[in-house]
Amino acid sequence: MTAAGGGLTLWQTCALSLLVFTGASQFALVGALAAGGNPYTAAAGAFFLGVRNAFYGLRLSQLLALPRAVRPLAAQWVIDETTAVSLAQPTRRSARIGFTVTGLTLYVLWNLTTVLGALGARAIGDTDAWGLDAAGPAVFLALLAPMLKTTTERATAALAVLLGLGLLPLLPSGVPVLVAALAAPAVLWLQGRGKGPEATGRGVGPEKSAAPAGATAPAHPSEDDR
Amino acid sequence: MNFWIAIALTAVGCYAVKLAGLLVPAGVLERPLVKRLAALLPVALLAALTAQQTFADGHALALDARAAGLGAAAVALLLRAPFLLVVAAAVLVTAGVRAMSG
């Protein structure tokens, strides 16, 4: 539905769900394209969001011990949900069953709802009048919120927001988001200059996270609320 | 056409990293710094994307009904509302504010 709101055709929307099948990347891609980003930077942003699946795959390959021939097929289903279900199983057999059932169910449902959503959005017409353009950022926020556990993540998010918004008028579409991604190595680097996780939490705080939080608070209620 | 390029690149890239995770020997990605960077990158990207989609109007910054919608989503998240309710809150509040402001 977000995809249709972002100007993609029905075929493009469905291809996205069938071929990409990792929700955060799909939303990111559509969001970046809708914001007028060029296809390469939009794809790069989506790609980075998909990178976490590699880490799921690492754990799953040990857990499931799949034969080599099956791996290329199983790979498409390596996502948050299948990993969570598989990791919760007591035995390898039940983990394999959990992975397969979760993967198949989600794949079918995800693609069905994509078709329905795309058709539905078409029928609704002007999605902006219905407030559907707020669905994208709300989805991102819901994905982001559970990640903001420590000062490190909050500092990274605050810095990324500053970079993303501050550079928006200055750089071509899509580039500010990629520059904002540098907030991650930047915060890690600042942390590395401290003495450990405890010291760096404070070391990063006053200079890098408190300032942006204070600066963004009045204009950005969402940041403030977090 | 441009959209197809983006879709193809994303599909190939996302599939490649999924497969890579299954094929790459552990250890390579097990290094602590790589792990922490991989955990932080989505945070930075999501935060920047959230802010841009809420406060950007083309290349200009704008404060409009979307901000109210995102505020509602944030409140819903703080109240530990389920995912769909969070999104619904954002959509409804945005539509409401827009209807009221004409």
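Computed from the coordinates by the stated procedures, all read-outs in this text should not be read as laboratory data. Values in this document were obtained by computation on a predicted structure and should not be read as measured data. Here Cβ is always computed from backbone atoms with ideal geometry, including for glycine, and neighbour counts include all displayed protein chains.
With the convex hull drawn over the C-alpha atoms of region A:1-147, the volume per residue is 115 Å³. Packing order of peptides A:23-33, B:54-64, A:140-150, highest average first: A:23-33, A:140-150, B:54-64 (average count of other Cβ atoms within 10 Å over each peptide's residues). Once the Cα-Cα distance is subtracted from the 0.36 nm per residue extended length, the B:V12 to B:L37 segment shows a gain of 6.8 nm. Its Cα centre serving as origin, region B:13-89 has a Cβ charge dipole (Lys and Arg +1, Asp and Glu -1) of approximately 320 debye. If R0 is 41 Å, the Cβ-Cβ spacing of A:D80 and A:R193 corresponds to a FRET efficiency of close to 0.80. Based on alpha-carbon atoms, the Kirkwood radius and the radius of gyration of chain B give Rg/Rh equal to 1.11. Across peptide A:56-63, the mean count of Cβ atoms from other chains lying within 10 Å of each residue's own Cβ comes to 5.
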